[in-house]
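What follows is a set of notes on a single structure, which appears directly below.
A short reminder: the numbers here are calculations on the coordinates, not readings from a lab. Nothing here was measured: the structure is a model prediction, and the numbers come from that model. No Cβ is skipped: glycine too gets one built from the backbone with ideal geometry, and neighbour counts run over all protein chains shown.
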Amino acid sequence: MSKIIRVGTRGSDLALAQANLVIDSLRQANPEHEFVREIIKTSGDRDQSQPIAKVGYGVFVSELESALTGGAIDIAVHSLKDMPAELGPAFRIAAVPYREDPRDVIVSRSGAGLMDLPEDATVGTGSARRKTLLLDKRPDLNVTPIRGNVPTRLEKLTAAGGPDAIVLAAAGLKRLGLENRISEYLKCWDFVAAVGQGALAVETRIDDEPTIAMSSSLEHRDTRVAVDAERAFLAAVEGGCSAPVSAHGRVRDGRISLDAFAGDPDGKRLVRGSREGAANAVIELARELADELLTNGAADLVSPATGGSE
């Protein structure tokens, strides 16, 4: 019997592109159902003047979740890196599709990469993680806050008085067909990618078994294992998703490599660590890595629930 499934998303160009990817895949796997896109305007989209940490933790997630619980939508599509490390009891991540490129990238006016930017260059980012890692590599840089969706940030880069470069996620540029703007890819096990970066979350109500079953066709096992490890690490160190802390996992041949860091906002002190183990025991591995970093000083660097999105 045909059913209308309402898929909720934010209204930015990137969010719409991501939702369309999910809807197209759902239609292919479930041709007997109709999938309708619903745009949910969040307070984080409405208020572009404040830094993310001031707007509030999970700002891009909570209003989509409210639409889920209220029955306005059946599925919410998120950038997984926007989601808190621990999900609320009413919700389930029903599927994690194949992960797009998880790396951060430099987009510069001149085309120069990170180490080739001029001394005292200005680099824009809204992420505490990116700021810390930038200043670790280049303490001379002037790192300034920048907000807005991907096209808006690119416009600021080319505007008079704009920064010399900005840092963005490769996944967003690729999904928007803008990869030609990339000046340099940054290795995500060194310039540690955000937890969940490049991955999408297909979220449902926890008791909506038909929609959960329908969404399972999008699941990519290795991506799920990697992001589960990253999220378990973040939960163990109690870091908000915009705190200067992260972990990045890579799964291959039944094994996972997990690299992590925590740092201070000025990039003057970083604690790094890594673990490798079986992909069927990633939660334990992630917690062990978190304990290692906390013992080595990360507890003094990570501020719980600072919150936000990149």
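Provide the net charge surrounding ILE93, with neighbours chosen by a C-beta distance below 15 Å and charges set as Lys +1, Arg +1, Asp -1, Glu -1.
In short, -4.
If you take the charge dipole of region 232-300 about its Cα centre, with +1 on Lys and Arg Cβ and -1 on Asp and Glu Cβ, which of LEU293, PRO244, ASN280 is farthest toward its positive end?
Of LEU293, PRO244, ASN280, it is ASN280.
Counting other beta carbons within 10 Å of each residue's own, what order do THR132, THR144 fall into, fewest first?
THR144, THR132
Among SER217, SER257, what is the fewest-to-most ranking by other Cβ atoms within 10 Å?
Result, fewest neighbours first: SER217, SER257.
Net charge within 10 Å of GLU119 by Cβ-Cβ distance, Lys/Arg positive one each and Asp/Glu negative one each, not counting GLU119 itself?
Residues close to GLU119 contribute a combined charge of -1.
So, in nm, how far is label ALA72 from label ALA90 when the simple model puts each one 7 Å beyond its Cα toward the Cβ?
Modelled inter-label distance: 1.3 nm.
Taking 0.36 nm per intervening residue step and subtracting the Cα-Cα distance, what contour gain separates ASP140 from ILE39 on full extension?
Separation in residues times 0.36 nm, less the Cα-Cα distance, equals 32.2 nm.
Can you list the aspartates and glutamates whose alpha carbon sits under 13 Å from that of LYS3, skipping same-chain ones fewer than 8 residues off?
Qualifying aspartates and glutamates at Cα under 13 Å: GLU32, GLU34, ASP74.
From the cross-link list LYS131/LYS187; LYS187/LYS268; LYS81/LYS174; LYS131/LYS268; LYS156/LYS268, which pairs have alpha carbons spaced over 23 Å apart?
From LYS131/LYS187; LYS187/LYS268; LYS81/LYS174; LYS131/LYS268; LYS156/LYS268, over 23 Å: LYS156/LYS268.
Which percent, to the nearest 5, of DSSP beta bridges fully inside the chain are antiparallel?
So the antiparallel bridges amount to about 70 percent of the total.
What is the Å³ per residue value for the convex hull set by the Cα atoms of region 232-300?
Output value, Cα hull per residue: 72 Å³.
Convex hull volume of the Cα atoms in region 104-186, per residue, in Å³?
Once divided by residue count, the hull of region 104-186 is 81 Å³.
At a Förster radius of 30 Å, what calculated FRET efficiency corresponds to the Cβ-Cβ distance of ASP116 and THR152, to the nearest 0.05?
Approximately 0.75, to the nearest 0.05.
Quick one: compute a quarter of the convex hull surface over the Cα atoms of the chain and quote it in nm².
So the Cα hull casts an average projection of 15.3 nm².
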